[in-house]
1. Any idea which of Ile161, Cys172, Pro143 is furthest toward the positive side of the dipole for the stretch 136-190, if Lys and Arg beta-carbons carry +1 and Asp and Glu beta-carbons -1?
2. When only Cα pairs under 8 Å and 6 or more residues apart are kept, what is the percent relative contact order across the stretch 27-81?
3. Tally Lys and Arg at +1 and Asp and Glu at -1 over the other residues with C-beta under 13 Å from the C-beta of Gly117: what net charge comes out?
4. Would you please classify the overall shape of the stretch 121-190 from the alpha carbon gyration tensor, given that a ≥ b ≥ c denote the square roots of the eigenvalues, rounded means a/c under 1.5, and beyond that prolate means a/b larger than b/c while oblate covers the rest?
5. Using a/c under 1.5 as the rounded threshold, could you call the stretch 56-190 rounded, prolate or oblate? The axes a ≥ b ≥ c are square roots of the C-alpha gyration tensor eigenvalues, and prolate needs a/b larger than b/c, oblate otherwise.
Amino acid sequence: MPNDQDQRAGERAAADTGSTPLMPVGFTVNGKAASLTLDPRVTLLDALREHLRLTGSKKGCDHGQCGACTVLVNGRRVLACLTLAVMHEGDEVTTIEGLGTPDSLHPMQAAFIKHDGYQCGYCTPGQIVSAVATLEEIRAGIPSHATADLLAAPRVTEAEIRERMSGNICRCGAYSNIVEAITEVAGGQG
């Protein structure tokens, strides 16, 4: 968390310019504590990209329609361009950088490479984070619009995957490869 002196300096700067007062926000990002003092209108995406220099999450449409900015907040997927950073005080945020490293890929990252699920790569971070969340939602028994029997646990099917991933747009059209990658990881998780 920012110290009192930093917060007062931010408040003075805001008062001097007549702008919005800055607010402290602290959350955990990829397992590390992060403390920022931000304009309360700063989105989580801009806080991650511009203030913490975690540029894996992309600003695609900036309207929540493409999914390129998808991150996990407390294990649930969130469109980071549509939520304010100050709303996540105390939360745990996971970006693509927190899933794996070049030397130790997350199974989903490895499957995307194997199945060529990325082509241009711009949407890939959001696709991978969303894919990880998709499998967790199915494992947790959360139904989707494609779930045929709401009284039974959802199964990993192509229809379930496509429905749950429908908020992530791929302009290159790698959808079948993305489904193959997710299916492979789901099969390995039993």
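Throughout, read-outs are computed from the coordinates displayed, never taken from laboratory work. Being a predicted model, the structure only gives us computed values, none of them experimental. Every residue, glycine among them, receives a Cβ derived from its backbone with ideal geometry; neighbour counts consider all protein chains shown.
1. About the Cα centre, the residue reaching furthest to the positive side is Cys172.
2. With pairs under 8 Å counted, the relative contact order is 26 percent.
3. Details: positive: Lys114; negative: Asp116, Glu180, Glu184.
With Lys, Arg at +1 and Asp, Glu at -1, the net is -2.
4. Here the stretch 121-190 falls in the prolate category.
5. On the way: a/c = 1.41, a/b = 1.14, b/c = 1.23.
Taking the square roots of the gyration eigenvalues as a ≥ b ≥ c, the stretch 56-190 is rounded.
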